[in-house]
Amino acid sequence: MTYLHKDISGNVIDLEVGKAVCIGRNYMDHINELGNAVPTSPLLFMKPKTAFCDFSSPFPIPQHQGECHNELEIALLLKSKLTNASSNDVLAAIWGVGLGLDLTLRDVQQSLKEKGQPWERAKAFDDSCPVSNFVPIEQFSDLQDLHFWLDINGERRQTGHTALMLTNIVDMLCVMSRAFTLLPGDVVLTGTPKGVGPLCVGDHIDASLVDFMTLSTSVIKE
Ligand code: ZN
C-alpha cells in the first residue's frame, strides 16, 4: 500500500512524501551498547521515499539477511524547505512530531562498516522506515523534553528522552540543511536510544510518544 503522511486523526496531510534524513549515534547509551566511537560531527544518512510505510499497520522485515533491528526514534515531518538554515528558522519548518522505526539489517551493516562501504543496503531497503501519524507541532512546548518507549511482546525494549540527544533538534536541522536541502514532506529521524535488538516475524509491538500517542502493531513476512 502506498504510504501517505497522516495526522493524528488519520487524515492525509497535504505534503508530498519525500526522503528520510537520519542522524546516527545521537544518544550516548546507544553508542556504548554497540561499542561505536562518539562522532566528532553528526553522522548523517538518508532513506528514499520507498522506505516509508505505516508504523501503525503490520509491517514486513527482510528475510535471510541476518538480524533486522528495531531503532525507535522521534520523527519530525517538515512543511517547508530548509537550505543552510539558521537556528531561528528551523522550528517554523516542522509540521509535526511522530515516531519512526529506523529498521537496520545489523549483520549487513556490520559487514559494510568493516569494508568501509555506505550503509544503504542495511538501512534504505523498501519498508525500512515505518512512521506513525504526526501530532501538530503546536501541541508541543519543548521538543527536548519528550519521552518515548518501545515494547516487544509486552517487554520494554527501549526508553528514550529527547533531553539526552547529543545534537539537539534545532542544531540537527541546521547541520542537515547545510549538507543537503530539506523539502516539505521530508521526515527527519533523530537517533535511537539504547535497546536495539532483533525483530522476528510475529512479534507484537507497542510504541508510545508519551502523552501524545501510543500505537500497536506487528511484524509480518515480506
Ligand atoms: Zn537510527
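Read the figures in this text as sums done on the coordinates, not as results from a lab. Treat the numbers as computed from the prediction; the structure is a model and nothing was measured. Every residue, glycine as well, gets a Cβ built from its backbone with ideal geometry; the counts of neighbours run over all protein chains shown.
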Next on the checklist: Pairs needed: first member in region 187-204, more than 15 Å from Ala20 (Cα to Cα); second member anywhere, near the ligand (Cβ under 10 Å from one of its atoms) and of a type in the set (Val, Ile, Thr); C-beta distance under 8 Å; at least 6 residues apart or different chains.
Outcome noted: Val196/Thr104
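Out of region 107-163, which residues are among the small types (Gly, Ala, Ser) and buried (at least 18 other Cβ atoms within 10 Å of the Cβ)?
The answer is Ala122, Ala124, Ser128, Ser132, Gly160.
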Checklist entry - Of everything in region 12-50 that's among the aliphatic types (A, V, I, L, M), within 22 Å of Arg178 (Cβ to Cβ) and part of a strand (DSSP E or B), which residue is nearest to the ligand (Cβ to nearest atom)? => result Ile23
Next on the checklist: Would you confirm, using the coordinates I've provided, whether Phe52 is touching a residue at least 60 places away in the same chain (Cβ under 8 Å), among the aromatic types (Phe, Trp, Tyr) and within 23 Å of Thr159 (Cβ to Cβ)?
Outcome noted: no
Checklist entry - Of everything in region 167-204 that's within 16 Å of the ligand (Cβ to nearest atom) and over 21 Å from Leu78 (Cα atoms), which residue is surrounded by the most Cβ atoms within 10 Å (Cβ to Cβ)? => result Pro193
Checklist outcome for this item: Residues of region 33-63 being within 19 Å of Arg106 (Cα to Cα) and among the β-branched types (Val, Ile, Thr), in sequence order, are Val38, Ile61
